[in-house]
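Below: the structure, in structure tokens.
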Amino acid sequence: MADTATTNRGEWARLLDDLTKEHEGDYVTIELLDPTYGDQYEAERLPFAYITYDYRDDAVIVAVGGTTPRFPVVLRHIVSHPADVNVATGQGVDAAARVVDTNGTTTLVTFFPPPAPS
């Protein structure tokens, strides 16, 4: 069973910064669940750079790439004015973050171990 941490806004930065430290070197998939446009993948198994909450801009930022010659550019997904942030870890789940914005769009960030070298 996975553990899910739901936190208040004052804890988002710490929670997401801890998630960044714990999953350095992992890969992530970023999926959008939009009530108007449907489900879409924004990134599939790309190298994870960081996830953070920016108080000043009231935004959750997820960055991928920029860590290897194969993925030299950092791409950022920004959720402006998030209403809810949850993190799941534990059995059956390496880790996942769920960010819901004020319009009801959900961003799922799922972590995976890096692929084995070929």
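Quick check on Thr52: is it modelled with pLDDT of 95 or more, in contact with a Leu (Cβ under 6 Å, 6 or more places away or on another chain) and polar (S, T, N, Q)?
Yes, satisfied.
Would you check if Thr107 is surrounded by 15 or more Cβ atoms within 10 Å (Cβ to Cβ), in contact (Cβ under 8 Å) with a residue 60 or more places away in the chain and closer than 20 Å to Gln40 by Cα?
yes
I'd like the full set of residues that are part of a loop (DSSP other than H, G, I, E, B) and aromatic (Phe, Trp, Tyr), limited to region 15-69.
Tyr37, Tyr55
Which residues, counting only those in region 3-14, are surrounded by 13 or more Cβ atoms within 10 Å (Cβ to Cβ) and either touching a strand residue (DSSP E or B) at 6+ places or on another chain (Cβ under 7 Å) or assigned to a loop (DSSP other than H, G, I, E, B) (or both)?
Thr4, Ala5, Thr7, Trp12, Ala13
Can you tell me how many residues within region 53-83 are touching a Phe, Trp or Tyr at 6+ places or on another chain (Cβ under 9 Å) and closer than 14 Å to Trp12 by Cβ?
The total comes to 7.
Among the residues of region 68-99 satisfying the criterion of being surrounded by 17 or more Cβ atoms within 10 Å (Cβ to Cβ) and of a type in the set (Val, Ile, Thr), which is nearest to Leu33 (Cα to Cα)?
Per the criteria, the residue is Val99.
Yes or no: Thr7 of a type in the set (S, T, N, Q) and in contact with a helix residue (DSSP H, G or I) (Cβ under 7 Å, 6 or more places away or on another chain)?
yes
The values are calculated or read from the model by the stated rules, or taken from the named source; none is laboratory data. Worth saying up front: this structure is predicted, and the values here are computed from it rather than measured. Here the Cβ is made from the backbone with ideal geometry for all residues, glycine too, and neighbour counts use every protein chain on show.
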